[in-house]
1. PRO235 fails exactly one of the following numbered conditions: (1) farther than 22 Å from GLY81 by Cα; (2) touching a strand residue (DSSP E or B) at 6+ places or on another chain (Cβ under 9 Å); (3) more than 16 Å from the ligand (Cβ to nearest atom). What is the number of that condition?
2. State all residues of region 298-346 that are over 20 Å from HIS278 (Cβ atoms), of a type in the set (S, T, N, Q) and surrounded by fewer than 22 Cβ atoms within 10 Å (Cβ to Cβ); if no residue qualifies, say none.
3. For the structure I just gave you, tell me whether HIS273 is at pLDDT 95 or above and assigned to a strand (DSSP E or B).
4. Taking the conditions exactly as written (within 16 Å of the ligand (Cβ to nearest atom), small (Gly, Ala, Ser) and at pLDDT 95 or above), does GLY258 satisfy them or not?
5. Within region 164-173, identify whether any single residue is under 23 Å from ILE26 (Cα atoms) and either modelled with pLDDT of 95 or more or in contact with a Phe, Trp or Tyr (Cβ under 7 Å, 6 or more places away or on another chain) (or both), and answer yes or no.
6. Of these, GLY285, GLY295, which one is buried (at least 17 other Cβ atoms within 10 Å of the Cβ), modelled with pLDDT under 95 and either closer than 21 Å to GLU178 by Cβ or not charged (D, E, K, R) (or both)?
7. Can you tell me which residue is nearest to the ligand (Cβ to nearest atom) among those in region 108-122 that are touching a strand residue (DSSP E or B) at 6+ places or on another chain (Cβ under 7 Å) and not in a helix (DSSP H, G or I)?
8. Given the conditions (1) modelled with pLDDT of 95 or more; (2) within 15 Å of the ligand (Cβ to nearest atom), which single one is not true for GLU133?
Amino acid sequence: MRTTVGIIGAGPAGLLLARLLHNAGIDSVVLESRDRAYVEQRQRAGILEQGTADVLRAAGAGGRMDREGLRHDGIELRFAGRRHRVDLPALTGGKSVLVYAQTEVCKDLVALRLKDGAPLLFEAEALAVEGAEGDRPSVRFRHEGRESVLECDHVVGCDGFWGVARRAVPAALSQAFERTYPFAWLGVLADVAPSHDELVYARHERGFALLSMRSPAVSRLYLQVPADTDPAAWPDERIWDELDRRLETPGGRRLERGPITQKSVTPMRSYVHEPMRHGRLFLAGDAAHIVPPTGAKGLNLAVGDVVTLARALVHRRDTGSDELLDAYSATCLRRVWQAERFSYDMTTMLHRSPEADGFEERLHLARLDRIATCRSAGADLAEAYTGFPVG
Ligand SMILES: Cc1cc2nc3c(=O)[nH]c(=O)nc-3n(C[C@H](O)[C@H](O)[C@H](O)COP(=O)(O)OP(=O)(O)OC[C@H]3O[C@@H](n4cnc5c(N)ncnc54)[C@H](O)[C@@H]3O)c2cc1C
């Protein structure tokens, strides 16, 4: 099998890259190890930066997003018994975010790919990337019980943090920068209308809590828990009681409760692999970098990477020049590190770390106070939350 661009992974990065290339007339094959239902149902991100929504629209994938997505003009911070609304458009010159779940982005992109009749192989597991240093890289993969080889001009690893593509970069040329956190998120999906119409980020003595939503009828809620937590230790009533305590709703009003339909624990990690390119292999999205979900940046970073890469591949096709491909890693890493910094700051500021002493705790509260009382500090948060420009 042969193609111009071999894409490993059908998460948001791989699916969007395939769409952008298709629109530009460049053929690609997408290999995805899991089945279609898994790709379309895995609960993860829910906040699209304005730039991400614009990219999906321009790619022809924004129809349902614009009908069903919820535009949000603010977020609320709760800390030390206070409530502060960050007015996103007022602080950024008009920018906002869109609540539209990653599952829905993936469904829209899968449907477009299949409608285009372009190759997207589910249950096709990439085993290794070979020959990245030469001009005929390939992907060895297993599909329908048989091993095959996909020969390409370029290979893109969009296969997430646990994928195989990153392993093809020789250790001597790789640098990894990493932080793990001594806590995790217990995330639940509940069939109940959100108790607040904007996202609420709460720092509480008992730990962080986040109230968010997937639609007017479905709430997405998170609690900070110890890193090794078993979700089974959290029956539904315990989750609702703890959310009530940490979100400290005005007047002691309890959250609206409803059936919890999903429950999972997500570890928190910051990770960057440099460089994001080796020869004709490119890494994009979670394959190259991870952020803790507090800043809602992971999916948005993945989109920025593949926009930069698609532009560089089109430039090469049109001019024969590798100039933009050569700049890919450095261009993306500038934005990646801004998102890493923001996600780290949001995470440390809003969580209670078992390792932090009283001094550090007070610094985090002072940061929140500064955001609530100083316009430029609020604007800095709002600018980062609504998105860093794609380079
Ligand atoms: C609880 C939670 C909340 C989050 N909230 C947000 C948010 O609000 N906003 C935000 O921007 N981000 C958020 N994120 C992060 C976001 O979900 C990820 O950054 C995003 O999924 C990255 O997309 P990706 O395509 O790079 O990787 P992935 O979505 O991980 O996709 C990789 C794909 O590659 C496939 N694959 C892996 N190995 C192979 C192989 N060997 N062969 C073939 N296929 C393979 C996988 O099956 C998968 O489908 C959140 C994450 C979590 C866990």
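1. Going through (1) farther than 22 Å from GLY81 by Cα; (2) touching a strand residue (DSSP E or B) at 6+ places or on another chain (Cβ under 9 Å); (3) more than 16 Å from the ligand (Cβ to nearest atom) one by one, PRO235 breaks only (2).
2. Matches in region 298-346: THR319, GLN338.
3. Yes, satisfied.
4. Judged against the criteria, GLY258 is not a match.
5. yes
6. Going through GLY285, GLY295 in turn, just one is buried (at least 17 other Cβ atoms within 10 Å of the Cβ), modelled with pLDDT under 95 and either closer than 21 Å to GLU178 by Cβ or not charged (D, E, K, R) (or both): GLY295.
7. Only one residue fits best here, namely LEU121.
8. (2)
The values are calculated or read from the model by the stated rules, or taken from the named source; none is laboratory data. Computed from a predicted structure; not experimentally measured. Ideal geometry is used to build each Cβ from the backbone, glycine not excepted, and the neighbour counts take in all protein chains shown.
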